[in-house]
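Quick notes on the structure that follows.
Please treat every number below as a calculation from the coordinates, not as lab data. This structure is a prediction, so every number in the text was calculated from the model and none was measured. Reconstructed Cβ throughout: ideal geometry from the backbone, glycine too, with neighbour counts over all protein chains shown.
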Ligand code: KE4
């Protein structure tokens, strides 16, 4: 494939943008090639500056579950734009999207819109600290909740990709309030809680860990956390920025029947525009300014364009059989890739929940960050490059998940499976 224009664009970008990208994982640094610059997208396809077509399994890291440029989402944005992009004042659309979120998540009685997942988790943690009067938080190794200082401790996603799970620039004094435990290890969590009795404000978790690949919760893990948080007066923050409206309309909490005290959302609820949200029990949410003293704000929070895109998206997700389609497409891809892997000498391990998945280059299974780190990232990089050359756009890191959309056709899936067979044979 010719990438001359992307190369030129990357060189121009690097002159004025750190690493040439506005989010590190986009730089393709861990997969041994330069990034492609995207010019347009539609349905399951993206097209780079050189006109190359790719079947897209990144989907903007989750939001594009309808596929790119769904006509009804585009129309909603266009219709809103001609009435004004932003007012810095309340609008009816914010209430409409908030009502849809509350209807989808019974444990969300009130919800505040923000502009990113990072803002959502950062604010939820401040709220938990304000509500409990406690300072410490507990997260899990390999989980990623955005780049707020207190969360860049043994983080996943790009932080894991670049080997800086605890980032420079985070003062030791900040990091000391962040405890970490092993994902799927309830004993570890219980020991950590006992050692910090009455000091932990919240436990924040990805209900399916999508930032160290794709790690499902072990049986009993989520229920055990729920019981522990209730017993200890700890706020359970379920970070569904990635899984919300992804693995079910009611997210992982619907799928696994576990309910947090606070829930973070993002990605899909913006339909591709910048939106995050955090919500939960009324008594906690009413501690937020202007009702309560916990301050949180945002110039573009509840932005009309983003609200309209989110409303249009959720209306389509509510339609009968939507998640069944995602499940069928994802199962078809899984079975095809499993058959291909069975015929290869390369050790791979496929893990999936609903329309999010990952191929680990190791025997597996992967239940924790320590497991994920055993993956052969060099071979993953060769596999990634071969798939890209064959017109398949995968997440450019072993420590990320891939995403299915309803726009992916049977032809797309068959092409992906065939490409994987060739890629595994070549690595
Ligand atoms: P943003 O601030 O990037 O909107 O959301 C942060 C976030 C919070 N919680 C979870 C569970 C997340 O997955 C994320 C962000 N996800 C990554 C993809 N693994 C965003 C991609 C990127 O950093 O460019």
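Per residue, the average separation of C-alpha pairs within less than 8 Å and at least 6 apart gives segment 71-317 a relative contact order of 30 percent.
For segment 78-181, pairs of C-alpha atoms spaced more than 18 angstrom apart make up 61 percent of the total. Between segment 356-394 and segment 262-294, the alpha-carbon centres lie 33 Å apart.
Taking only DSSP H segments of four or more residues, each worth -39500 (n - 2.57), what value at 222 nm results for the chain once the sum is divided by all its residues, to the nearest 500 deg cm²/dmol?
It lands at -11500 deg cm²/dmol.
Size descriptors for segment 71-317: radius of gyration and Dmax over Cα atoms are 17.5, 56 Å. Using all pairs of distinct alpha-carbon atoms, the Kirkwood hydrodynamic radius of segment 220-294 works out to 13.3 angstrom. With contacts taken as Cα pairs under 8 Å at a separation of at least 6 residues, segment 108-218 carries a relative contact order of 31 percent.
Could you order the peptides 365-377, 248-260 from most to least packed, using the average number of other C-beta atoms within 10 Å per residue? Display every interim value, and only then the final one.
Details: 365-377: 19.4, 248-260: 21.1.
Highest mean packing first, the order is 248-260, 365-377.
Per the Debye calculation on segment 127-207 with a single equal scatterer at every Cα and no solvent contribution, log₁₀ I(q)/I(0) for q = 0.14, 0.15, 0.16, 0.17 Å⁻¹ amounts to -0.44, -0.50, -0.57, -0.65.
The relative contact order of the chain comes to 23 percent, based on Cα pairs under 8 Å that sit 6 or more residues apart.
With N set to the number of residues, divide the alpha-carbon radius of gyration of segment 251-378 by 2.2 N^0.38 Å and report two decimals.
Against the empirical 2.2 N^0.38 Å value, I get 1.42 for segment 251-378.
Overall dimensions of the chain, expressed as equivalent-ellipsoid semi-axes from the Cα gyration tensor (√(5λ), whole Å, largest first), are 33, 26, 21.
Based on the alpha carbons, how large is the Rg to Rh ratio for segment 326-399 when Rh follows Kirkwood?
0.94
By the equivalent-ellipsoid construction on the alpha carbon gyration tensor, segment 1-127 comes out with semi-axes of 33, 19, 16 Å, ordered largest to smallest.
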